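The values are calculated or read from the model by the stated rules, or taken from the named source; none is laboratory data. Quick caveat: nothing in here was measured; it's all calculated off a predicted structure. In this analysis, Cβ positions are derived from the backbone assuming ideal geometry, glycine residues included, and neighbour counts consider all displayed protein chains. Areas reflect the complete protein model, heavy atoms only, side chains present, ligands, DNA and RNA absent. Shrake-Rupley method; radii C 1.70, N 1.55, O 1.52, S 1.80 Å.
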Amino acid sequence: MKVILLLILISLLIALGFLAAFLWAVGTGQYDDEVTPSMRILFEDHQAKSNDETN
Amino acid sequence: MTTPVAPSPTTRALSCTHCGEHCETEAVIENGHSFCCAGCASVYQILHDNELLSFYHIDDNAGRTQQDNQHSDYSWLEVPKLADRLIRYRDEQRCHVSIELPAIHCASCIWLLERLHELLPGVRSCTINFARKEALIVFDPQQTTLRTVAEMLHRIGYPPHLRAHAEEPGKRTDRSLIYRIGVAGFCFGNIMLLSFPEYFGWGADAGAGQVGGAVNYLMLVLSLPVVFYAGSGFLTAAYHALSARRVTIDLPIVIGMSALFLRSAYEIVAGTGAGYLDSLAGLVFFLLIGRWFQSHTFARLNFERDYHDYFPVAAQRLQADGTTTPVASEDLQPGDTILVRPGKLIPADGRLTAAAPAGIDYSFVTGERDPQPAVVGKEVFAGGRALANPLPIEITKATNQSYLLQLWLNERKEDAEATVAPPQQLTLIFTIAILVLATLTFSYWYPTDEATAFRAATAVLIIACPCALALAAPFAYGTLQRLFANSAFYFRDPAAIRTLATANAFVFDKTGTLMGQPDHEPVSFFRKTPATLAVFRAMAEQSTHPRSRGLAQALKKHGTTPATIGPVEEIPGGGLRLLHQKQEYLLGSAAFCGLEAPHGKTYCMVDGEKVLALHPANTLLRPGVDAMLVALQKEEGATYLISGDHHPKSNIWEEYLTPDRIHFRQSPFDKRDFITKLRESGKKVLMIGDGINDAGALIAADIGLAVNEDEANFNPACDGVIKGDLLHALPLVLRTARRLRLVLFLTYTLAFAYNIIGLSYAVTGTLSPVVAAILMPLSSISVMIVAVVGASIIYKSDEYHFPG
């Protein structure tokens, strides 16, 4: 029966991983702008002119 | 964007390839494309050369007319000291700068601007934030400069608005609240799951005992971040409030949190129970959500503008040899001489060292439309705009001592709370009531059964949920704030709506607020000879007087092309005179043209014969505003008009307002003092204005609303922004804001009902974790729902419908 404790701890660890991912996503500014990415997604691929892109 | 004017039979129906507007006869034509102006042609050319013509396919209204896009001087960006103020980060290879581009309006703009690197090699990236109309540009300082970037942006039709200082990057996004909600939610969910066996009595057989204890400790560990991180905001707020001897809603919240935590910790360590940690985590979680809900702001509007947004960042210092060098406006000292070019704003107070017959336009700051004449030695003030003549000025005061700056130095009102909390008395009564009840319960049980005494007393403290109380107002006002925004009434925060509901004195500015933009001036023609009209158009275009501009516009609409003429003689206070092909052309007031006619119209004469008369601009009252004023006056009484303009000849305002409530010739300071006096007499003042000249008054009022024509314009610092055409709906807004108090009453009643139910369990010592865990989220969620639904019903229920 004690094995359930181990299971709980493992699943909590996994859940903590997701929490960390959430905190990281907010921290790197992914939620700062929720409007523009929705518009960007509709742009088609664009052929830059022959100069190299400086990105 | 204006719809294209229907082509008259004399002009061909050409529309600009770039912006789609109607091309006048002097359209620029290149390679089979027509453009309404050189600006549009130039943008198209740039896009064409860089293979970026997809710009036009992404959005139908991609291009905007460049006719009003005047040349701007970015030379001051070469001064490292000035440029550095805008730069957020800089090293050898990269330089980060955030620039506001008010012209962003569609997906095409994003598409094009994010390809800035294709137009300008030194740019590494450009990321647009559409809601804020901002570009975050990273460029290589070795390859290009901030000035070049600014100029390129201007050339493609997105002139940058550069402030004196870059805004603090951390200021805007408040991420800490999101982190806390995340952590609290995580802990809440997990604690609740771990509590399930406890609720349903599962696993009460052998083996569960040992596990149960360990799980309880696990829950205790999970509750620590809830109390000490996520909930720390409440703890510190309650501490500060107590030390200031005030009672805020944080106090009962902290009492509840402590009771929950301490009792649960005791039970778990002593092994007597599982505690109430799920209620604790839930309490903190829902309260934080309430905080988040009422922190909603409109990214594209700025309610905090101060003078830095309007006054020029850099000035041109005049050297001995007549050339100018850029210098920061704030570095100007008394004794410096600067030159203000036509169309630019004066950065600091000073004295003119040369005459400016065309005058200075102070409409920006005082609302006075007519230009003020300016002679040598005349005092000039920061905020005035130079007209046709450049203004050499000797500075007498540093920029931060400007006369008009005093308008902004008025501190905002003391209790400018952005959050709506329940009224202080209610909170106080609530806190005292639960403390008294807890004590009574304790003393009742103590003689009989010690254990029950503690249990019951702490149960009272636990279940008396301030959380419903704390959530009602934020959700009700917050919902209304969002709903109002759908009808283009933007309030800076929910508390502004609450203040609005209490307003009992209403002060309106005139020009730009009650009255809309002037219509195009109508012209009556006496003669229509094209050649003559052509000369007049050319004459009018040489002058920057508003009447001349109006005439030039009217003639342009009529289809006249300007003739080529020699220099025009401008007689200040009179008009224009030109000798052309042996004929004398006069353009000016009736007196100037030697006519016996009422003052007001502008005439054009050739050799003593009338050619045309330009009627004064027909500034119209905004639609519905007359009915609104009458209604306000009748229902509320205290309605006032204050204006910087001259007293008009025919006082139409007396039809709507009593004469003693109408004031003209009010300077921005007069306006502010008027509001302050009204407030001192005990009124709650609502001020409605539109420009800088109202800034002082808007700040001084209990609640200040700014009227805006177009989102791209700037509004002064205020508590809310209304679109001009919707001003007539103000009484509706008032009524709705006031009705909301009904919803609040309902939600507070609901909250108390839950408390009564919970307390009945608590005082008998029979409050189990299950009951607490059910009641607390149930009360919070139902209060939230009632608040939101109630606010929506109130919003939609009025007889008239909200516009938009």
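Considering only the range B:527-547, state which residues are in contact with a strand residue (DSSP E or B) (Cβ under 6 Å, 6 or more places away or on another chain), in a helix (DSSP H, G or I) and open to solvent by 40 Å² or more (accessible area, probe 1.4 Å). Within the range B:527-547, B:Arg547 is the sole residue that qualifies. Selection over the range B:262-314 of residues that are more than 29 Å from B:Gly213 (Cα to Cα) and at pLDDT 85 or above gives a count of 7. If you filter the range B:316-332 down to residues that are more than 27 Å from the chain's Cα centre (by Cα) and open to solvent by less than 40 Å² (accessible area, probe 1.4 Å), you find that the one that is nearest to B:Thr396 (Cα to Cα) is B:Leu332. In this structure, is B:Ser223 within 14 Å of chain A (Cβ to nearest Cβ) and in contact with an Asp or Glu (Cβ under 8 Å, 6 or more places away or on another chain)? Spelling it out, it is not the case that B:Ser223 is within 14 Å of chain A (Cβ to nearest Cβ) and in contact with an Asp or Glu (Cβ under 8 Å, 6 or more places away or on another chain).
Selection over the range B:548-573 of residues that are open to solvent by 20 Å² or more (accessible area, probe 1.4 Å), closer than 18 Å to B:Ala356 by Cα and at pLDDT 75 or above gives a count of 5. Looking across the range B:79-88, the residues that are surrounded by 14 or more Cβ atoms within 10 Å (Cβ to Cβ) and part of a helix (DSSP H, G or I) come down to B:Leu82, B:Ala83.
Can you tell me which residue is farthest from B:Ser176 (Cα to Cα) among those in the range A:1-15 that are open to solvent by 80 Å² or more (accessible area, probe 1.4 Å) and either assigned to a helix (DSSP H, G or I) or more than 7 Å from every other protein chain (Cβ to nearest Cβ) (or both)? Among those that are open to solvent by 80 Å² or more (accessible area, probe 1.4 Å) and either assigned to a helix (DSSP H, G or I) or more than 7 Å from every other protein chain (Cβ to nearest Cβ) (or both), it is A:Val3.
Considered as a group, the residues in the range B:115-133 that are open to solvent by 30 Å² or more (accessible area, probe 1.4 Å) and not basic (Lys, Arg) include one that is nearest to the chain's Cα centre (by Cα), and that residue is B:Phe130.
Taking B:Ser650, is it in contact with a Gly (Cβ under 8 Å, 6 or more places away or on another chain), at pLDDT below 90 and of a type in the set (Ser, Thr, Tyr)? No, not satisfied. One residue is enough: does the range B:461-482 have a residue meeting the conditions over 25 Å from B:Thr427 (Cα atoms) and either open to solvent by 10 Å² or more (accessible area, probe 1.4 Å) or outside any loop (DSSP other than H, G, I, E, B) (or both)? Yes - at least one qualifying residue is present in the range B:461-482.
Restricting attention to the range B:637-663, the residues being closer than 26 Å to B:Leu404 by Cα, free of Cβ contacts under 8 Å to residues at least 60 places away in the same chain and of a type in the set (Phe, Trp, Tyr) number 0. Remark: pairs (first residue in the range B:344-366, open to solvent by 10 Å² or more (accessible area, probe 1.4 Å) and at pLDDT below 80; second residue of a type in the set (A, V, I, L, M) and assigned to a loop (DSSP other than H, G, I, E, B); Cβ separation under 6 Å; 6+ apart in sequence or on different chains) = B:Ala358/B:Leu387; B:Ala358/B:Ala388. When the range B:31-55 is examined, which residues are found to be open to solvent by 20 Å² or more (accessible area, probe 1.4 Å) and among the hydroxyl-bearing types (Ser, Thr, Tyr)? Correct list: B:Ser42, B:Tyr44, B:Ser54.
Can you say whether B:Gly231 is in contact (Cβ under 8 Å) with a residue 12 or more places away in the chain, in contact with a helix residue (DSSP H, G or I) (Cβ under 7 Å, 6 or more places away or on another chain) and either within 14 Å of chain A (Cβ to nearest Cβ) or within 30 Å of B:Ala421 (Cα to Cα) (or both), as far as the supplied structure shows? Spelling it out, B:Gly231 is indeed in contact (Cβ under 8 Å) with a residue 12 or more places away in the chain, in contact with a helix residue (DSSP H, G or I) (Cβ under 7 Å, 6 or more places away or on another chain) and either within 14 Å of chain A (Cβ to nearest Cβ) or within 30 Å of B:Ala421 (Cα to Cα) (or both). Within the range B:103-114, the set of residues being more than 8 Å from every other protein chain (Cβ to nearest Cβ) and either open to solvent by less than 10 Å² (accessible area, probe 1.4 Å) or touching a Phe, Trp or Tyr at 6+ places or on another chain (Cβ under 8 Å) (or both) comprises B:Ala103, B:Ile104, B:Cys106, B:Ser108, B:Cys109, B:Leu112, B:Leu113. If you check B:Ser72, B:Ser54 for being within 31 Å of the chain's Cα centre (by Cα) and under 27 Å from B:Thr144 (Cα atoms), only one passes: B:Ser72. Checked against the criterion of being more than 15 Å from B:Asp278 (Cα to Cα), modelled with pLDDT of 90 or more and either touching a strand residue (DSSP E or B) at 6+ places or on another chain (Cβ under 8 Å) or of a type outside the set (S, T, N, Q) (or both), the range B:205-214 has no qualifying residue.
Only one of these conditions is not met by B:Leu500: (1) open to solvent by 10 Å² or more (accessible area, probe 1.4 Å); (2) in contact with a strand residue (DSSP E or B) (Cβ under 9 Å, 6 or more places away or on another chain). Which number is it? Status for B:Leu500: all satisfied but (1). Looking only at residues of the range B:56-78 that are among the hydrophobic types (A, V, I, L, M, F, W, C) and outside any loop (DSSP other than H, G, I, E, B), we find that the one that is surrounded by the fewest Cβ atoms within 10 Å (Cβ to Cβ) is B:Ile58. Between B:Thr736, B:Thr747, the distinction of being of a type in the set (Ser, Thr, Tyr), more than 28 Å from B:Arg679 (Cβ to Cβ) and crowded, with 20+ Cβ neighbours inside 10 Å belongs to B:Thr747 only. B:Cys16 fulfils the conditions (1) open to solvent by 70 Å² or more (accessible area, probe 1.4 Å); (2) at pLDDT 75 or above; (3) touching a strand residue (DSSP E or B) at 6+ places or on another chain (Cβ under 6 Å) except for a single criterion, (1). Of all residues in the range B:234-265, those that are in a helix (DSSP H, G or I), among the β-branched types (Val, Ile, Thr) and in contact (Cβ under 8 Å) with a residue 60 or more places away in the chain total 2. For B:Ser75, the criteria (1) more than 10 Å from chain A (Cβ to nearest Cβ); (2) under 17 Å from B:Gly157 (Cα atoms); (3) in contact (Cβ under 8 Å) with a residue 24 or more places away in the chain hold in every case but one, which is (2).
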